[in-house]
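Novice: Here it is, the structure, as structure tokens.
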Amino acid sequence: MGGRFTEFFIRALAGPLLGWARRIPLPESSPLDSMPSPPLDSDAARLRSFSIRALEEVAPLIRAGFGQSGALRFKRGHEAITAVDLEVEDRLRERISSAFPDHAVVGEEKGRTGPEDAATVWAVDPIDGTLNYALGIPLFSTTVAAIREGRVVAGAVLDPLSGACYSAARGEGAWRGEEPLEVSRRSPAREAIVSTQSSRRGRFVRDREIFVAVQQAFMKTRRLGSIAYELALVAAGTLDALLASKEEAQNLYDVAAGMLLVEEAGGRITNGRGGPFAEGDQELVATNGSLHPEVLDLVQASSEVDRGGRSGEGASGNREEQ
């Protein structure tokens, strides 16, 4: 009796409620309908996943040689090199070439290999911050990035000691592991932290006016010795800005993945004049975005700047240890 009464009551009540609900005007589209679903199976996402796996595969080799390189060896421009640099680059080249035979690879130690007409070129730095690595200072990174028609589409920066991997895919975001990255919101400069990665003959150091202005403007300054890692820290909101300048062009294998990380985390990348960073530029400015106008004012104080963030003196072709 009780069960039949309950069923009757529910049916009697449900009919009018459903009829009333049908008369409620619904919007033609929900706000959620306009939100793009993450294209997890996109080409950029697949290249990002490959980047992570490739770096994780060489991490044990890097950890095993940390601080064990013996007497320091230097190549051009007083830049340190170890046997691990060479072996890691070889392994990454083999991994990329095996997975993508039609892709080319540009590495720090052995230049370019692969098809001359490749549409996708991988930029590889086996150990960014080799001097730190050789001295046993735990601040260095390993990085790869896929560049297609001059545009970085995916990449990753790995801290081999901690295992923290910072990765990004163009148009899809940036992550540390599975955690989405977002730049900081700290500003103005007097409340912010900047890292500087400039060689002795880079304009940001050579121009005393700029050097002093940067030191005085920011709350704190740092120089860690691995530009790829520092860019990852800007993307993560740990650092608020990075200023880099050299007498010669910035190397894409150093900065490609890190630049994408910053952009996908909501930050901004330009050259020293505030224009889009391009291959051949000597200066790189990376910020959380809100700091960018103030930072550009600081570094444009000199009359030395030529177009594109290139100094008027030209490049010597000798690379300095950073």
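The values are calculated or read from the model by the stated rules, or taken from the named source; none is laboratory data. All of these numbers come straight from a predicted model, not from anything done at the bench. Cβ sites come from the backbone with ideal geometry, for glycine too, and all protein chains shown count toward neighbours.
Novice: So, restricting to strands (runs of 3 or more DSSP E) that lie completely within the range 132-192, which ones have at least 1 residues that are among the aromatic types (F, W, Y), buried (at least 22 other Cβ atoms within 10 Å of the Cβ) and without any contact (Cβ under 8 Å) to a residue 24 or more places away in the chain?
Specialist: Working: elements: 141-148, 151-158, 165-169, 173-176.
Fully inside the range 132-192 and qualifying: 173-176.
Novice: Something else: Can we say V106 is touching a residue at least 60 places away in the same chain (Cβ under 8 Å), touching a Lys or Arg at 6+ places or on another chain (Cβ under 8 Å), buried (at least 17 other Cβ atoms within 10 Å of the Cβ) and assigned to a strand (DSSP E or B)?
Specialist: Yes.
Novice: When you go through (1) part of a helix (DSSP H, G or I); (2) in contact with a helix residue (DSSP H, G or I) (Cβ under 9 Å, 6 or more places away or on another chain) one by one for W122, which number turns out not to apply?
Specialist: (1) is the only condition that W122 fails.
Novice: So G114 ticks every box in (1) at pLDDT 95 or above; (2) over 24 Å from S226 (Cβ atoms) but one. Which box is left unticked?
Specialist: Single failed check for G114: (1).
Novice: Name the single residue that is nearest to A156 (Cα to Cα) among those in the range 232-267 being hydrophobic (A, V, I, L, M, F, W, C) and free of Cβ contacts under 8 Å to residues at least 40 places away in the same chain.
Specialist: V255
Novice: Which members of the range 49-63 meet the condition of being surrounded by 19 or more Cβ atoms within 10 Å (Cβ to Cβ) and touching a Lys or Arg at 6+ places or on another chain (Cβ under 9 Å)?
Specialist: F50, A54, V58 - these are the residues of the range 49-63 that are surrounded by 19 or more Cβ atoms within 10 Å (Cβ to Cβ) and touching a Lys or Arg at 6+ places or on another chain (Cβ under 9 Å).
Novice: Assess whether E279 counts as being touching a residue at least 40 places away in the same chain (Cβ under 8 Å), part of a loop (DSSP other than H, G, I, E, B) and charged (D, E, K, R).
Specialist: Judged against the criteria, E279 is a match.
Novice: Can you find, within the range 214-231, the residue that is farthest from A174 (Cα to Cα) among those that are polar (S, T, N, Q) and free of Cβ contacts under 8 Å to residues at least 40 places away in the same chain?
Specialist: So, considering only residues that are polar (S, T, N, Q) and free of Cβ contacts under 8 Å to residues at least 40 places away in the same chain, the one farthest from A174 (Cα to Cα) is Q216.
Novice: If only one of G237, G225 is out of contact with any helix residue (DSSP H, G or I) (no Cβ under 9 Å at 6 or more places or on another chain) and on the phi > 0 side of the Ramachandran plot, which one is it?
Specialist: Step by step, each of G237, G225 is checked, and only G237 is out of contact with any helix residue (DSSP H, G or I) (no Cβ under 9 Å at 6 or more places or on another chain) and on the phi > 0 side of the Ramachandran plot.
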